[in-house]
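Here the structure comes first, spelled out in structure tokens, and everything after it is commentary.
The values are calculated or read from the model by the stated rules, or taken from the named source; none is laboratory data. All figures in this text were calculated on a predicted structure; none of them were measured in a lab. For neighbour counting, all protein chains shown are included, and Cβ atoms are generated from backbone atoms with ideal geometry for every residue, glycine included.
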Amino acid sequence: MGRQTQLHMLSQDCKELLDYIQQRDPVVVVDRSAKSPEVIEVESPWDREGFYCLWNQHLVPVLQREYIHRGGHNPYYRVDDELPIIELSYPDPAQKTWNGRLALMQGRVYTGLNANKGKEFEKWYGSIVRWIRKNFIRNPIPHLDGFVGPAAYEWYRKGGMLLPVFPPPVTPQWISWMEAQDQHRALFSK
């Protein structure tokens with residue numbers, strides 16, 4: 001089983017995280033999958049949602065995508081999960097609405113299913129998680145693990161809703177959960 005750290009981030013938070021990662025190591029942000037095997041750096045990934053790979057060129061000097069054949073469906077190319085890369089799942093930084101309220105979905109940094117990718121990989125992933133723990137705020141919402149970037153936390157304090165990794169259905173249970181989030185904000189985020 002892989003290791004993950006869940007995150008709520010606005011563009012500024014994502015940019016600060018990637019700035020740290022790229023200042024520490026020669027890391028290129030690429031799309032996890034594409035229609036061609038060509039590996040192209042994503043410019044300003046904090047401006048758009050995506051499933052990215054953080055490619056540390058010290059650990060993987062040359063990155064190639066593998067061809068994925070899907071029967072009658074369109075084939076595509078994907079970075080192999082067994083490589084020592086980190087997946088960055090980053091939901092759309094432009095907040096969506098959920099039940100008439102601005103809401104932000106959760107993303108993550110993830111090792112892939114196999115977290116045993118060598119000592120250098122463990123050090124690299126650990127440094128990223130330590131930076132997140134030091135610079136982000138532990139998620140204030142019960143039952144939502146992970147961390148919230150500083151800009152996302154200020155946005156939350158002003159009334160934004162923090163969602164899990166998916167947009168939940170608008171049901172009485174989820175509405176109640178969101179109302180509890182409002183009560184929690186009123187008590188603890190002053």
Taking the range 4-24 and keeping residues surrounded by fewer than 15 Cβ atoms within 10 Å (Cβ to Cβ) and either assigned to a loop (DSSP other than H, G, I, E, B) or among the charged types (D, E, K, R) (or both) leaves 19, 24
Residue set 144, 113, 163; condition buried (at least 20 other Cβ atoms within 10 Å of the Cβ) and not polar (S, T, N, Q); output residue 163
Going through the range 65-114 in order, the residues found to be more than 16 Å from the chain's Cα centre (by Cα), within 30 Å of residue 173 (Cβ to Cβ) and in contact (Cβ under 8 Å) with a residue 40 or more places away in the chain are 96, 98, 99, 101, 102
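Looking only at the range 138-181, filter to residues that are of a type in the set (Ser, Thr, Tyr) and outside any loop (DSSP other than H, G, I, E, B); which one of those is modelled with the lowest pLDDT? Explain how you work it out, then say what you get.
Residues of the range 138-181 of a type in the set (Ser, Thr, Tyr): 153, 156, 171, 176.
Narrowing the set further to residues that are outside any loop (DSSP other than H, G, I, E, B) leaves 153, 156, 176.
Values: 153: 94, 156: 93, 176: 90.
Only one residue fits best here, namely 176.
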Within the range 117-137, residues being at pLDDT 95 or above and not in a helix (DSSP H, G or I) number 2
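So which of 156, 90 ends up being touching a Gly at 6+ places or on another chain (Cβ under 8 Å), aromatic (Phe, Trp, Tyr), under 22 Å from residue 46 (Cβ atoms) and surrounded by 20 or more Cβ atoms within 10 Å (Cβ to Cβ)? Even if it seems obvious, please write down each step before you answer.
Numbers: 156 fails: touching a Gly at 6+ places or on another chain (Cβ under 8 Å).
Of the residues listed, the single one that is touching a Gly at 6+ places or on another chain (Cβ under 8 Å), aromatic (Phe, Trp, Tyr), under 22 Å from residue 46 (Cβ atoms) and surrounded by 20 or more Cβ atoms within 10 Å (Cβ to Cβ) is 90.
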Checklist line | Condition met for residue 39 (over 27 Å from residue 10 (Cβ atoms), under 21 Å from the mean Cα position of the chain (by Cα) and part of a loop (DSSP other than H, G, I, E, B)) | finding: yes
I'd like to know if the range 92-108 contains one or more residues that are of a type in the set (Ser, Thr, Tyr) and touching a Phe, Trp or Tyr at 6+ places or on another chain (Cβ under 9 Å).
no
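Any residue that is in a strand (DSSP E or B), within 28 Å of residue 166 (Cβ to Cβ) and touching a Cys at 6+ places or on another chain (Cβ under 8 Å) - is there at least one of those in the range 65-82?
First, the residues of the range 65-82 that are in a strand (DSSP E or B): 65-68, 76-79.
From what is left, the residues that are within 28 Å of residue 166 (Cβ to Cβ) are 65-66, 68, 76-79.
Applying the additional criterion that residues be touching a Cys at 6+ places or on another chain (Cβ under 8 Å) yields 79.
Yes - at least one qualifying residue is present in the range 65-82.
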For the range 31-43, pairs from a residue that is of a type in the set (S, T, N, Q) to a residue that is buried (at least 16 other Cβ atoms within 10 Å of the Cβ) and not in a strand (DSSP E or B), with Cβ under 9 Å and 6 or more apart or across chains, are none
The residue from 102, 113 that alone is within 30 Å of residue 56 (Cα to Cα), modelled with pLDDT under 95 and not basic (Lys, Arg) is 113
Conditions (1) surrounded by 13 or more Cβ atoms within 10 Å (Cβ to Cβ); (2) more than 26 Å from residue 139 (Cβ to Cβ); (3) at pLDDT 90 or above -> residue 43 fails only (1)
Within the range 116-130, of all residues that are loosely packed, with under 14 Cβ neighbours inside 10 Å and basic (Lys, Arg), the one farthest from residue 15 (Cα to Cα) is 119
